[in-house]
Every structure is written in C-alpha cells, then in structure tokens.
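Report on the structure given below.
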Amino acid sequence: MYSEILGSIDGIAIFPVLSLVVFVVFFSAMLMWTSRLDARRLARLSRLPLEESTRDTDS
Amino acid sequence: MSTPFLQAEAREANANIDTFAYDNAIVRKFMVATALWGIVAFLVGLTIALKLVFPNLLAFIPQLSYGRLRPLHTNAAIFAFVGNALFVGVYYSLQRLCKARMFSDRLSALHFWGWQLIIVSAALTLPFGITTSKEYAELEWPIDIAIALVWVTFGVNLIGTVLRRRERHMYVSIWFYLATFITVALLHIVNSLELPVSFLKSYSMYAGVQDALVQWWYGHNAVAFFLTTPFLGIMYYFIPKAANRPVFSYRLSIVHFWALIFLYIWAGPHHLLYTALPDWAQSLGTVFSIMLIAPSWGGMVNGLLTLRGAWDRVREDPVLKFLVVGVTAYGMSTFEGPMMSLKNVNALTHYTDYVIGHVHLGALAWNGGLSFAMLYYIVPRVYGTKLFSVRLANIHFWAATLGILFYAIPMYIAGITQSLMWREFTPDGALRYGNFLETVVRIVPMYALRAAGGTMFTAGALVAIYNLYRTARMGTFEAEEIVQAPRLRPAGSGATERHEGTSAWHRALEARPAQFAALTLVAVAIGGAIEYVPTALIRSNVPTIASVKPYTPLEIEGRDLYIREGCVGCHSQMVRPIRAETERYGEYSKAGEFVYDHPFLWGSKRTGPDLHRVGGKYPDSWHFLHMRQPTSTSPGSIMPAYTWMYDARLDDSHIEGKIITLRRLGVPYPAGYERQAAADLGTQAARIASGLKSGGFDTSADREIVALIAYLQRLGTDIKARPASADAGPPSAPLAMANAGGR
C-alpha cells in the first residue's frame, strides 16, 4: 500500500526519518532538562495544592 | 517545610495581602449538570444494552432505535457527563491553584449555559437521525460552530484566570488543563470541516482514507485530551488534597506531561490497522501506542505512590477509594490500549465487544471514579459540612466497582469468543461458522450480563446523588468563599527565586501561560502534521480505480438514510486482508474504492456483519424482507426492524444541493448534472420498485426503503467490473496475515 499510494509523492521517504529525529531530539532535551531541575524548588512546587490561600475569617 | 526561603517569602508577602472570593456557584452548577447528565447517559446506555438482548424493546419508536441512540449515549457519556465533570475539576482547582477567582463571571455563565445548550441540541438532533456519522463528532455543523465558540469561551476564562494568578508557578494540573483546551480546539476544528447542504445536513470535506485518518486522529485524541489530560490534572490536584501529602515526584509529573502530550497525538492510526490506510501510518500508530505505556504508567505510579504512608486511609475515605480504583483502571486501560494496537492482537479484538469493554473500563472507572471522587470531596466542603453517609458512599463504591466488573468481563469474553469463531476454519478450509448469526447468538448471554453490570453501576450512581443531595441539605452553601492571598510580585524579585537560581527560561515560560500554551500546541502539532501531511498530499485521484464511479442520486439518498439510522454503529464497511474475512465477505477493501465517500463509513464495530461487499449478494426482495423483519430472513437476528422506512416517503428535496456540494468536494459529477439528478433518481427507484412488485412485494418507488436498497446493492460492486490486475486477487485469496504488512 505504501508504494501503491504514496510512492508518487516527492520526498515521502523523509517522513519516517523526520519522525524519528524529532522524537529522539524531543526526548533527549526533555530528560536533560528535567534531570537538571532544582530539587528544592520541585519540593516546594509539589506542595502547591496543599498551600492554598488562607480563609478570611474576619469577613 | 519551614525553610529559610519560605520564611523570607512570607515576610515579603505580608505587605501585599489581597482579599477576594472563590466562585463556588459555578462549581455547583457544573456539579448538578454532571449528576443529571450522568444519569441520562447511563440510562440511555442501559436502554441500548437491553435492546441487544430484547431487539423489540421500544422498537415502534424510530427515534429510540439502537442506531440513533448509540451516538446519543456516547455523546452524553463523553461530553455531557465527563465534560461537565472535567469543568467541575477545572473551575474548583484552578481558582485555588492560581489563588484567584475565575477571570470573568460572565464568561463562566456563558460557558456553563452554552455547554448545556449544546448537550440539549445533541439530544434533540441525534434521535432524529441528524448526524454526520463520525464517531464522537456526530453533531451537525451549526452545533459544531456553537461547540467551537463555547470552547473558546472556556479557554479565554481559563487563560484569563491563569494570567491573573497570585502564585507565580503554574502547578502541573494547570499544564494539563491548558493542553486540554488547546488540543481539543485544534482537533474539533480540523475534524469538523464540512460543507453544508442545508441547515442540518453537511458532507465531510474529506473522503475515504483521508476522512478515516482525520476522524481517528480526532477520535483517538479526543480520548487523550478530553477524557485523559483534564483528568490527569484533576488527579494531580485531588489525590494530594485527599491524601494531604504532596505528589510522589513532581519531576516525574513534568516528564509525564510532556511525554504524554507529545506521544499521544501520533497514535491515532492504531484504530485503522489492517484497513486501507497506508501501512507506514499504521506502523507509526502502533509504535507510538506502545511507547505511550511509559508516560501513562509513569502518571499512574506517580498518582498511586502519592498515597504512600496513607494507604490505611483508603479503607475509610470514599474519596480515596474512588481515586485509587480510578487511577488503577487508568493503568489497566493504558496497558490494554497499546496491546490492542499490536497488529496481531488488533486483528483479534478490533470490531468486537472487547473494545466496548475496554472503553467502559476507562469511562466508568477512570472518568467515573475520578468524577465521583471529586463530588464526594467538593460537596461537603462548599456546603461547610460532612458527607451525609459514608456507608451509602461505600455502597456506591461497591456497586460501581462490581458493576464495572460485571460490565467489562462479559464484554472481554464476548469479544474474544466471537472473534475466535469468526476465524475458525474446518479441516477442509471452510469457515466453521459461515453464518455470522451463529457467532452473535453465542454471545447474547454476555450482553445480558453486561446490562446487569450497567444496572448496578447506575443504581450506585443514584445512591451517590441521593447521598450528595442529603449532604447539601445538611449544610449551608458558600457561593462566595472569601480568602486571602499575597499579591504576585514582579518576576525575579522573590527570595525563593533568588535562592533557586537554575533554569530561568523555564520559569519565564511558566510565568507566561500564552507562550506555554503555544509550546504545547507545537508539541501536539508535530505528531499531527507528520501523520496528516503525507495523506493530505495524496490527490484524491491518485489511488482511483478506473471502475469506481460516484454514487447515483438515489444511492446518495440511500447512503444518507444509512447515516441517519446509524447503521455504521453495528456494521463496518471495511474487509481486512485477512483470510477469515476475505473468505466470509469477499475481496478485501481497497483505498481507491472510497474516494467518493463523504464521509467514510468504515465503522468500528461489527455487531452485525461487514457490509462492504453486500452489494449484489442478495436479491432486492431479501433486503426488503430483512429490513422489515430481520428474523424473517435471519432467524435469531438481534437487528431491529426498520418498519418506518416502508411508510415514509423519501425526502429528495435536497438532491440538487447534494450533487452541487459533492461536486465542490471533488466528486466528478458533470456540470449541470444536478438538474438531471431528480429524474435519474425517479427512474432508478421505479426500476427497483417494479422489480419488487413483480416479486409480489407491495411498495412504491417513492419510499425510503427503495433508496436504502439501491445503496446497499451498490456497496463494493464497482471493483468487480474492474479488469484483473496485480493487487486484486480472487475474492477468496487466502492472504496470510503476516504478509499483509508488506504489501
């Protein structure tokens, strides 16, 4: 089916290669970035749902 | 957590305290809608489940026939029940995570009432057969436009709130909410491109293979970005809240987010394995589906491990019970999904009830479980009281959990049983169950068990609503929850940030939700583009088979009746290149046979047999008898009768417009043919009717049934007129499944 339908499109072979490259680059970059995040900051961020604004008891 | 940074931050903050109110009224509105539409969705589902056991149930009302109610059920479950529930989660948690009221009360109201109006309009159109037939996108074009407008209203309100937040960092839940808004908007608009014929009728811009690819790119990612990402946001907020401890790993949640939104969008073609879709696209769908296990399970593990040290509380707290069962079911579904996208497994499970079991595990346990957990969490809090009865909540929990098991397990058994029967050969090489009905009759008891499971789940939901109602009655509703929070300081001035020097660009990104949303769009657009562009490049005439011709006017009308009655819900039109299928149905389907199909009608479920090669298989009289009383030709059939099509006069008033519209979409009707169409329609109808009359069947040419028979008799016949060529084997060519991938 590949050759039957898509063979006529110029440069079609680049698509699978492009997919792989995009994928590998994206994940390498993301994993490098997340591994370098500051642990203390992450600990603070993870507590955000638990540190909500205080109720205004006066009103 | 009393670190020096936090103390410093607190000192800085004291000077600028804002007092404001959370809008709980909008949360309550969405909660009421969730409960109400949930029950509607469950009851419609139960009705159609019972119809498969008792085909004559309510059979005298066309509007309540199986084919028309099925899309009503799926739309009600997805967009009415789960949709309203996700808005409950977003409106409740977003305000608290942003420490800000919703951006605009007016937009909130517009969003709420607009969404309910869309649901009502779905309920008023689908039973009347007003449908595009594309799964989970059945609503016609005026409603599609309304959906786009209301969705943008939601998006403006969401982003506006994020922009006005009093907490610099956007917690990971908000990322999931932003990705939901962006991607659903993109999916909805691309998949809904259609050309109107009249106020409530349109044809898809795409045809055949392209339409199928776009539809399942949409269908798969609607599951991803409507049923999954918002609920992951909800999971990341409500599990820490309910367990009163932070998420297990925030780092993992970041990886989870980016990996999930990037990978999900590529996996759509796994809905089209073994179809006429290009092989490279099928393989791409499979590979990315398998990779999806990693982020999905990362998310599940992150959710469940958040409960470390708090598992004892799961025994007592109904909120945690529903969250745990929900997240576990998410893990099961997201393992099952990739497995089903392996071609050999897919060949077994596709078109069967296995898929129905799979989706209900996700919908009832994951979406349903998290939705009810949210309701049990929020209602007592906004009413300033405790849950009316923990015992009733436990009864609900067990009814729901057992109901899901009684639903899913019979469906798994039914799916595998039927599929194995479909492909079983005798030693002589003939199909052991050559009559499709033999495989249906075998699984009807499973359909009955499924209905019992659905009843248990619905009964549990009713108990929950009673419990929540009594809870509300016990307390006082706090529509405006007055709170205080420090104002947001200009970026870069905080003590905390000065101490955490790394990754400034990342913080900058988080501080700007618009840019963050744009990056999200890029992430999802990459997969979408790589999947879509090559197929879009195929000019519709490239794979054309010379003998494939456009439909006649009468066949167009018949096809529209096929769409109106929702036949596609039970009958596929896609013979896969598998020996068991070519043996049963005839030659496998070719991409070139669908180039004039606006929309495609490949279907996704075979409650009845495939119809792509049904044309010419039986005489007109067989269809005439079968449609009026299916059991007369097929004893034991569970197909409903379509008696109204014998009385109703065919409405062909739009045939001219239909021809013009289809020509605009690329179907090669000659110029001016629209003026001749009505006459051609009459001639063909008269020919079919006179044939029926001569066989002793009482009908007239202007009845709907005649048009439907014309369409059914045309199906899959064009290719038979084609001269023999290399890729068209004889109808019974035993193509080995292993070879199918290498064509």
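Name the single residue, out of those in the range B:169-185 being among the aliphatic types (A, V, I, L, M) and either in a helix (DSSP H, G or I) or touching a His at 6+ places or on another chain (Cβ under 9 Å) (or both), that is nearest to B:I261 (Cα to Cα). Checked the range B:169-185; the qualifying residue nearest to B:I261 (Cα to Cα) is B:A179.
For B:V247, work out the one condition from (1) buried (at least 21 other Cβ atoms within 10 Å of the Cβ); (2) of a type outside the set (K, R); (3) modelled with pLDDT under 90; (4) outside any helix (DSSP H, G or I) it doesn't fulfil. It fails just one condition, (3). Going by the structure shown, is B:T717 closer than 22 Å to B:V197 by Cα, in contact (Cβ under 8 Å) with a residue 12 or more places away in the chain and among the polar types (S, T, N, Q)? The answer is no for B:T717.
With the condition kept exactly as written, say whether any residue in the range B:469-490 is in contact (Cβ under 8 Å) with a residue 60 or more places away in the chain and under 28 Å from the mean Cα position of the chain (by Cα). No, the range B:469-490 contains no residue that is in contact (Cβ under 8 Å) with a residue 60 or more places away in the chain and under 28 Å from the mean Cα position of the chain (by Cα). Residues that are closer than 16 Å to B:L712 by Cβ and small (G, A, S) number at least 3 in the following helices (runs of 4 or more DSSP H) confined to the range B:605-701: B:674-694.
The rows are residues; the columns are (1) free of Cβ contacts under 8 Å to residues at least 60 places away in the same chain; (2) more than 30 Å from B:F477 (Cα to Cα).
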residue	(1), (2)
B:E336	yes, yes
B:M340	no, yes
B:V355	no, yes
B:M374	no, no
B:Y383	no, no
B:H396	no, no
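Listed conditions (1) among the polar types (S, T, N, Q); (2) surrounded by fewer than 19 Cβ atoms within 10 Å (Cβ to Cβ); (3) more than 30 Å from B:V319 (Cβ to Cβ) are all met by B:S419, apart from (2). Filter the range B:88-114 for residues that are out of contact with any strand residue (DSSP E or B) (no Cβ under 8 Å at 6 or more places or on another chain) and surrounded by fewer than 23 Cβ atoms within 10 Å (Cβ to Cβ) and give the result. Once the filter is applied, which keeps residues that are out of contact with any strand residue (DSSP E or B) (no Cβ under 8 Å at 6 or more places or on another chain) and surrounded by fewer than 23 Cβ atoms within 10 Å (Cβ to Cβ), the range B:88-114 yields B:F103, B:S104, B:R106, B:L107, B:A109, B:L110, B:F112, B:W113, B:G114.
In summary, B:N302 fulfils each of the numbered conditions (1) surrounded by fewer than 22 Cβ atoms within 10 Å (Cβ to Cβ); (2) closer than 21 Å to A:L50 by Cβ with the single exception of condition (1). Filter the range B:147-168 down to the residues that are in a helix (DSSP H, G or I) and over 19 Å from B:L86 (Cα atoms) and list them by number. B:L163, the sole residue that qualifies. Hey, any hits in the range B:313-330 for a residue that's under 22 Å from the mean Cα position of the chain (by Cα) and surrounded by fewer than 19 Cβ atoms within 10 Å (Cβ to Cβ)? There is at least one residue in the range B:313-330 that is under 22 Å from the mean Cα position of the chain (by Cα) and surrounded by fewer than 19 Cβ atoms within 10 Å (Cβ to Cβ). When you scan the range B:100-117, do you find a residue that is over 23 Å from B:M639 (Cβ atoms), more than 18 Å from the chain's Cα centre (by Cα) and within 14 Å of another protein chain (Cβ to nearest Cβ), even just one? Yes. A Cβ distance below 7 Å, combined with a sequence gap of six or more or placement on separate chains, defines the contacts here; from the range B:632-661, residues that are assigned by TED's automatic domain parsing to the domain that holds B:Y596 reach residues that are assigned to a loop (DSSP other than H, G, I, E, B) and of a type in the set (V, I, T) in the pairs B:Y646/B:T699. Would you check if there is a residue in the range B:51-67 being in a helix (DSSP H, G or I) and within 29 Å of B:M235 (Cβ to Cβ)? The answer is no; no qualifying residue exists.
With respect to the stated conditions, B:A76 fails to be over 16 Å from the mean Cα position of the chain (by Cα) and touching a residue at least 40 places away in the same chain (Cβ under 8 Å). Close contacts from the range B:399-426, counting a first residue that is charged (D, E, K, R) and a second that is assigned to a helix (DSSP H, G or I), with Cβ to Cβ under 9 Å and a gap of 6+ residues or different chains, come to B:R423/B:A347; B:R423/B:L348; B:R423/B:R579; B:R423/B:A580; B:R423/B:E581; B:E424/B:A580.
Does the range B:174-186 contain at least one residue that is over 30 Å from B:T328 (Cβ atoms), more than 12 Å from chain A (Cβ to nearest Cβ) and touching a residue at least 40 places away in the same chain (Cβ under 8 Å)? Yes, the conditions are met somewhere in the range B:174-186. I'd like the residue in the range B:257-281 that is in a helix (DSSP H, G or I), within 10 Å of chain A (Cβ to nearest Cβ) and in contact with a Gly (Cβ under 8 Å, 6 or more places away or on another chain) and, out of all such residues, is surrounded by the most Cβ atoms within 10 Å (Cβ to Cβ). The extreme case among them is B:L263. Among the residues making up the range B:655-703, a single one is of a type in the set (V, I, T) and over 40 Å from the mean Cα position of the chain (by Cα): B:T683. Filtered by the rule that a residue be among the hydroxyl-bearing types (S, T, Y) and either closer than 17 Å to B:L292 by Cβ or more than 7 Å from chain B (Cβ to nearest Cβ) (or both), the range A:21-36 gives A:S28, A:S35.
Of the residues screened, B:Y551 is not one that is in a helix (DSSP H, G or I) and modelled with pLDDT of 95 or more.
The values are calculated or read from the model by the stated rules, or taken from the named source; none is laboratory data. Here the structure is a predicted model, which is why all the values come from computation and not from measurement. When we count neighbours, we look across all protein chains shown, and the Cβ atoms used for this are built from the backbone with ideal geometry, even at glycine.
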